[in-house]
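Colleague: Right, I'll just put the structure down here and ask away after.
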Amino acid sequence: MATPWWRDAVIYQIYPRSFADGDGDGIGDLDGIRHRLGHLADLGVDAIWMSPWYPSPMADAGYDVADFRDIDPVFGTLAGAESLIREAHAAGLRMIVDIVPNHVSRAHPWFAAALASPDAPERDYFWFRPGGDTAPTGWRSEFGGPAWTRTTNPDGTPGDWYLHLFTPEQPDLNWDHPDVRAEFESILRFWFDRGVDGIRIDSAALLLKDPALPEVADGAPHPYHDRDGVHDIYRAWRRVADEYPGRALIGEVWLPDPERFANYLRPDELHAAFNFDFLGCAWDPGLLRECIDRTLHVHAAVGAPATWVLSNHDVTRHPTRYGRADTTFSFAAKREGVPVDLELGTRRARAATLLSLSLPGAAYVYQGEELGLWEHESIPPGLRQDPMWARSGHGRDGCRVPLPWHGDEPPFGFSPDSAAEPPWLPQPPEWKGLTVAAQRGDPSSMLELYRAALRVRRGEPGLHTPALDWLPAAPGVLAFTRGPGFACVLNLSAAPVALPDHDTRLLASSPLDGDLVPPDTAVWLRLQHR
């Protein structure tokens, strides 16, 4: 039987506001994406994951959804989305859309109805609690600040409180209500009926809350993180997905416990989930090997494919992370202005690309990482858009800057020459050497490294099996085989190391010195027949 596509696909994340602007308003849109589909087909990815494109007041860049069955006019129309899905399929690209089930926008009809009357049945779809001078709990928002906001009654007096684990513009849904569950199962069918191949589930572990609303306490079950009952929701979603052969559910599951993480990937729940353990791992040989072994063990136990992620729309881009003294990532430790060696970070990012693309399972590419884009950390405060910046003092705008396509100065072809507005976030002028046009055809560029790696990955049978066997290696070196003929060697030590016996060098992340692999360099090899 053919391997299901989602088990070893390379999936490219599009952040629609920042991919390509087709109408000149400074914001990316469906026409811009359609015009650039050739870039993705030439790159060699298998699928597109589209970050939210729904009608939204954009309090959190579209993750505050007002209507899950339409497209925000800033991006295009529902008919345009349906056309894009068809055109992506014609180009050999599957399509994944983003669903945000934990919360909706304050502009959602349900919440508007809930605010309009204290007797509205829609109030039961949310977490309203009676008024008082003190919030019902001391829970903190994921973005910083309190997780409760008080409403105002029509007569101007203080009203009830409502829960929002993100911004006040994103009220949390009450997933204990059967209408909420039925609505989202209907939304899944809506998009599956339009041909999408997968659903990415935002904040998948947060949906259920303890109705008693206890405070967060060490040693006690968490009142809203990873509650056991959430698995019943995803079993129901899996039954819906199984009505549509070949469709996949992919969860955003931030959990420190690998065993709890794996629960979401049992055979009757989600097909896959993002591996944030790998994304946050330090550039360290021992820790990376432990992370890889742990990931493969946890996924094998439930028969699910591993996933390998280096960057996304929420985290510091990895060329910047890898150029710092602390190469890990966590939201708690995220800070801007930390010294960075971008030459070192880029060298490591190139090596990490070959590592991640040679591991068993599926791989994710965040838009712009194929260009080697680094985090833009000098955006003026007055131009920042991310609500996390206002609430916590650090934000995500730096990884969301519009892509550079061609030219020597902003907007670098992101918008048409006749554009009436500048890009919604400013691009650094230093990106002129990182445009698609500047890198195309340059064998030393990051873009051509990705293209070459994806060509090799597609053609190597060993890279489409679950097998990984570690090879003996010098201290600071990771070396493994995939199948009988393919090997990856990654030198994380401070000195060059010799290549093992091999027939052919397939690809290297940086130039070699004869048969010596320099520090922070990865090599793909075809091994000698034994």
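Colleague: Could you count how many residues in segment 132-143 are touching a Leu at 6+ places or on another chain (Cβ under 6 Å) and either of a type in the set (A, V, I, L, M, F, W, C) or open to solvent by 20 Å² or more (accessible area, probe 1.4 Å) (or both)?
Modeller: Counting residues in segment 132-143 that are touching a Leu at 6+ places or on another chain (Cβ under 6 Å) and either of a type in the set (A, V, I, L, M, F, W, C) or open to solvent by 20 Å² or more (accessible area, probe 1.4 Å) (or both) gives 2.
Colleague: What tally of residues in segment 387-407 results from selecting those that are buried (at least 21 other Cβ atoms within 10 Å of the Cβ), under 20 Å from D64 (Cβ atoms) and touching a Gly at 6+ places or on another chain (Cβ under 9 Å)?
Modeller: Summing the residues that are buried (at least 21 other Cβ atoms within 10 Å of the Cβ), under 20 Å from D64 (Cβ atoms) and touching a Gly at 6+ places or on another chain (Cβ under 9 Å) in segment 387-407 gives 3.
Colleague: Follow-up. So which of G361, G368 is buried (at least 22 other Cβ atoms within 10 Å of the Cβ) and on the phi > 0 side of the Ramachandran plot?
Modeller: Details: G361 fails: buried (at least 22 other Cβ atoms within 10 Å of the Cβ).
Going through G361, G368 in turn, the sole match is G368.
Colleague: Can you confirm whether segment 321-330 contains a residue that is surrounded by fewer than 23 Cβ atoms within 10 Å (Cβ to Cβ), in contact (Cβ under 8 Å) with a residue 12 or more places away in the chain and in a helix (DSSP H, G or I)?
Modeller: no
Matching residues to (1) of a type in the set (D, E, K, R); (2) in contact with a helix residue (DSSP H, G or I) (Cβ under 8 Å, 6 or more places away or on another chain):
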| residue | (1), (2) |
| --- | --- |
| W283 | no, yes |
| G286 | no, no |
| D293 | yes, no |
| R324 | yes, yes |
| F331 | no, no |
| P339 | no, no |
| A363 | no, yes |
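Colleague: Of all residues in segment 453-498, which are open to solvent by 20 Å² or more (accessible area, probe 1.4 Å), of a type in the set (A, V, I, L, M, F, W, C) and either within 29 Å of D42 (Cβ to Cβ) or part of a loop (DSSP other than H, G, I, E, B) (or both)?
Modeller: V456, A467, L468, L471, A473, A474, L492, A494, A495
Colleague: To continue, here is another question. Pull out all pairs, ordered by first then second residue, where Cβ-Cβ is under 8 Å, the residues are six or more apart or on different chains, the first lies in segment 289-309 and is at pLDDT 95 or above, and the second is assigned to a helix (DSSP H, G or I) and open to solvent by 50 Å² or more (accessible area, probe 1.4 Å).
Modeller: C291/D277; R294/D277; T295/D277; V298/E259; P305/R7
Colleague: Give P146, P171 a once-over and let me know the one that is in contact with a His (Cβ under 6 Å, 6 or more places away or on another chain) and either open to solvent by 20 Å² or more (accessible area, probe 1.4 Å) or modelled with pLDDT of 95 or more (or both).
Modeller: None of the others qualify; the one that does is P171.
Colleague: What number of residues within segment 258-279 are within 19 Å of the chain's Cα centre (by Cα), modelled with pLDDT of 95 or more and not in a helix (DSSP H, G or I)?
Modeller: 6
Colleague: For the subset of segment 438-452 comprising residues that are among the hydroxyl-bearing types (S, T, Y) and assigned to a loop (DSSP other than H, G, I, E, B), which member is surrounded by the fewest Cβ atoms within 10 Å (Cβ to Cβ)?
Modeller: S444
Colleague: Given segment 142-223, what strands (runs of 3 or more DSSP E) lie entirely inside it while holding 1 or more residues that are among the hydrophobic types (A, V, I, L, M, F, W, C) and closer than 29 Å to G246 by Cα?
Modeller: Those strands (runs of 3 or more DSSP E) span 198-201.
Colleague: What number of residues within segment 237-257 are assigned to a loop (DSSP other than H, G, I, E, B) and not acidic (D, E)?
Modeller: Qualifying residue count, segment 237-257: 8.
Colleague: Of all residues in segment 268-280, how many are more than 15 Å from Y366 (Cα to Cα), free of Cβ contacts under 8 Å to residues at least 60 places away in the same chain and buried (at least 21 other Cβ atoms within 10 Å of the Cβ)?
Modeller: Here the count works out to 1.
Colleague: Can I ask one more? Starting from residues that are hydrophobic (A, V, I, L, M, F, W, C) and in contact with a Leu (Cβ under 7 Å, 6 or more places away or on another chain), keep the ones in segment 325-353 and report whichever is modelled with the lowest pLDDT.
Modeller: By that ranking, first place goes to F329.
Colleague: Scan segment 118-131 for residues that are in contact with a strand residue (DSSP E or B) (Cβ under 8 Å, 6 or more places away or on another chain), open to solvent by less than 40 Å² (accessible area, probe 1.4 Å) and either hydroxyl-bearing (S, T, Y) or not in a strand (DSSP E or B) (or both) and jot them down.
Modeller: Within segment 118-131, Y125, W127 qualify.
Colleague: If you go through segment 34-62, how many residues are touching a Pro at 6+ places or on another chain (Cβ under 7 Å) and hydrophobic (A, V, I, L, M, F, W, C)?
Modeller: 3
Colleague: Another question, then. How about segment 283-295: which of its residues are over 17 Å from D257 (Cβ atoms) and open to solvent by 20 Å² or more (accessible area, probe 1.4 Å)? Steps first, answer last, please.
Modeller: Residues of segment 283-295 over 17 Å from D257 (Cβ atoms): 283-289, 292.
Hits for segment 283-295 are W283, D284, P285, G286, L287, R289.
The values are calculated or read from the model by the stated rules, or taken from the named source; none is laboratory data. Owing to the predicted nature of the structure, the values given are computational and were not obtained by experimental measurement. Cβ coordinates were reconstructed from backbone atoms using ideal geometry, including for glycine residues, and neighbour counts include every protein chain displayed. What goes into the accessible areas is simple: the full protein's heavy atoms, side chains included, and nothing from ligands, DNA or RNA. Shrake-Rupley method; radii C 1.70, N 1.55, O 1.52, S 1.80 Å.
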